[in-house]
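Where a number appears in this text, it was derived from the coordinates with a stated rule and is not lab data. The model shown is predicted, which means the values in this text are computed figures rather than measured ones. Here the Cβ positions follow ideal geometry from the backbone for every residue, glycine too, while neighbour counts run over all protein chains shown.
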Amino acid sequence: MRKSHLVIIALAGIAISGTTIMIYLNSLQPSTLEKTAKTSPGNAPTTLKQNTGSNMPDVPSGSVLRDAHEHASILVKIFGDKFDFSSIQFQLMSPWIHFEGANGNTIHRHSKGITLGYLFDTLYLGLSQDCFVSHDKREFCTNDDYELKFYINGEKVPDIRDYEIFDNDRILISYGSETPEEIEEQLAELESQELFD
């Protein structure tokens, strides 16, 4: 075999290897990318969009991955039914803020300046002051009969999208026509949820 053929074969092998590496890197979950970044100094992610090629929202300017580690408990009730964040489609969607370990009660925040609005964006769930839109596009909006309500640590607030969670926070999103007593029951359920590190 001629040297020129060997060079072409070697270059083709490198090109295929490089493509394989790129395919592998693009297939990694955000948690794997975060672990990879930990072992590769100078390769810290700046935005999830840049690292996975996905259409995740841009991380707020100035955010630094792993400059925080906060946990909060969340409960979303739609007509009294608990919304389940423990399914795989809601797990580890972003290294910045996420659910993990098949647990749907504990939010993990790994950077300052990352809000609940950003969390819901990464989960592809719509959230506004008046509407919660589920992954299957069902809309639960405040109207004459039902109300979307938000509570942070037992206090009713008009909106939670700009809120940055801190350790031991308790977040309730409730949609329906609940009585004050039913809201108290939901808040008690939220308070009883165990936080996981």
Label point 7 Å out from Cys131 along Cα-to-Cβ: which residues of the range 59-94 have amide N under 18 Å? 78-79
3J(HN,Hα) from dihedral phi, the range 77-87, Karplus parametrisation 6.51/-1.76/1.60, rounded to Hz, x for glycine, proline: 10, 10, 6, x, 8, 6, 6, 9, 8, 7, 6
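Could you rank the peptides 105-112, 77-84 by their average count of other C-beta atoms within 10 Å per residue, with the highest value first?
Numbers: 105-112: 20.1, 77-84: 14.0.
The densest-packed peptide leads the list: 105-112, 77-84.
Based only on other Cβ atoms within 10 Å, what is the fewest-to-most ordering of Val59, Val133?
Ascending number of Cβ neighbours within 10 Å: Val133, Val59.
Eigenvalues of the Cα gyration tensor times 5, then square-rooted: what semi-axes does that give for the range 64-197, in whole angstrom, largest first? Show your work: numbers first, answer last.
Values: eigenvalues 106, 51, 38 Å².
Working through the eigenvalues yields semi-axes of 23, 16, 14 Å.
Please list 91-99, 186-194 highest first by mean number of surrounding beta-carbon atoms within 10 Å per residue.
Working: 91-99: 22.9, 186-194: 14.1.
Peptide ranking by packing, descending: 91-99, 186-194.
Test of understanding: what is the full-extension gain from Glu182 to Asp145, defined as 0.36 nm times their sequence separation minus their Cα-Cα distance?
11.7 nm
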Given R₀ = 22 Å, FRET efficiency for Asp162-Arg138 by Cβ-Cβ distance, to 0.05? 0.35
Given the Cα-Cα distance of Tyr124 and Glu100 and 0.36 nm per residue of separation, how much length would full extension add, in nm? 7.0 nm
